[in-house]
Amino acid sequence: MSAPTMGDLSATVTALASLMARFPDLPGVAVRITTVYPDQLELAVHDDLAAFEAWREALNIAPEDIVHRVQGEGTTRVLDVHTVLMGARLRLISYAPIPALAPSSGAGS
């Protein structure tokens, strides 16, 4: 199998251009298009669950489709969801810190 060409990225670039035109006021995200997955557009949100939610709503993705996991020894919440947009697979992912639990105070303090 030959290496992907720039033309192989056209569906993902077209999907990205469409999102930029349709949702210019949504929060900015980290965008990833790679020859490793030439048919996938990844939008990554860091430290902003509200931005992830704004994108999820704009893309009309059901909340129950989101996969939640914890990484980094329990310090990072990851929300991950996949959909299809204009012939490209779209991955919306969020990384957000999990606030440290406040230590409980002892009885009688």
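Read the figures in this text as sums done on the coordinates, not as results from a lab. Remember, it's a predicted structure, so these values are computed and weren't measured experimentally. FYI the Cβ positions are ideal-geometry reconstructions off the backbone, even for glycines, and counts take in every protein chain you see.
If I model a spin label at residue 64 and residue 6 as a point 7 Å from the Cα along the Cα→Cβ vector, what separation in nanometres do I get?
4.5 nm
For the chain, give me the percentage of DSSP beta bridges that are antiparallel, rounded to the nearest 5 percent. Intermediate values should be presented prior to the final figure.
Working: 19 of 26 bridges.
Once the DSSP bridges in the chain are tallied, antiparallel ones form about 75 percent.
Could I have the simple spin-label model distance between residue 50 and residue 37, label points 7 Å from Cα toward Cβ, reported in nm to one decimal?
2.8 nm
When the chain is modelled as a GNM with alpha-carbon springs shorter than 10 Å, which of 14, 35, 76 fluctuates the most?
In the Gaussian network model the winner is 35.
Scan (i) 1.40; (ii) 0.93; (iii) 1.13 for the value of Rg/Rh (Cα atoms, Kirkwood Rh) calculated from this model and give just the label.
So the calculated entry is the one marked (iii).
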